[in-house]
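Bear in mind these aren't lab numbers, they're just calculated from the coordinates by the rules spelled out. From a predicted model like this one, the values you see are computed outputs, not experimental measurements. Backbone-built Cβ (ideal geometry, glycine too); neighbour counts: all protein chains shown.
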Amino acid sequence: MSKLVYIASPFRKIQDKEFAVLLAEKACDEVARMGFYPVSPVLLWASRISENNSEERAKNLEASSELLKACAFIYVAKSKHSLNSVGIKAELDLARELNIKELKISKEF
């Protein structure tokens, strides 16, 4: 079984993009400490994500979906910014469709 864990962390809702990256890094660190291999679209593409360019955003979302398909688990970074996130909801919905289990960690960042 794959030990890849897709890290679903907020980006669009956070004004301070450096904080968004830090949140994704902390989630990756926590998952890695549990012996898994985290993959984060925020960390992969944060420097290239333009929320103002709908075509670019659509490409990033499609690439993120492909990344999720390669993972055995999805982990949602626990943050107030994750609540009601449209992007994270879509990632969780796709994970459920693909029978990808949600990895639960009680720690909030």
Item to check | Qualifying aspartates and glutamates (Cα of each under 14 Å from Cα of LYS13; at least 8 residues distant if same chain) | outcome: GLU51
Checklist outcome for this item: For the stretch 29-37, Karplus-derived ³J(HN,Hα) couplings (6.51, -1.76, 1.60; θ = phi - 60°; whole Hz; x for glycine and proline) come out as 4, 5, 5, 5, 4, 8, x, 9, 10
Checklist outcome for this item: tail above 16 Å in the computed P(r) of the stretch 1-49, as % of all Cα-Cα pairs, reads 35
Item to check | Where Rh is the Kirkwood radius over Cα pairs, Rg/Rh for the chain | outcome: 0.93
Checklist outcome for this item: Per residue, the convex hull enclosing the alpha carbons of the stretch 27-75 has a volume in Å³ of 72
Next on the checklist: Which order do the peptides 87-98, 30-41 come out in when sorted by mean C-beta neighbours inside 10 angstrom, highest first?
Outcome noted: 30-41, 87-98
Next on the checklist: Take the residue pairs LYS26/LYS89; LYS3/LYS89; LYS3/LYS69 and return only those whose Cα atoms are more than 18 Å apart.
Outcome noted: LYS26/LYS89; LYS3/LYS89
Item to check | Point-charge dipole on Cβ atoms (K/R +1, D/E -1) for the chain, about Cα centre, debye to 20 | outcome: 300
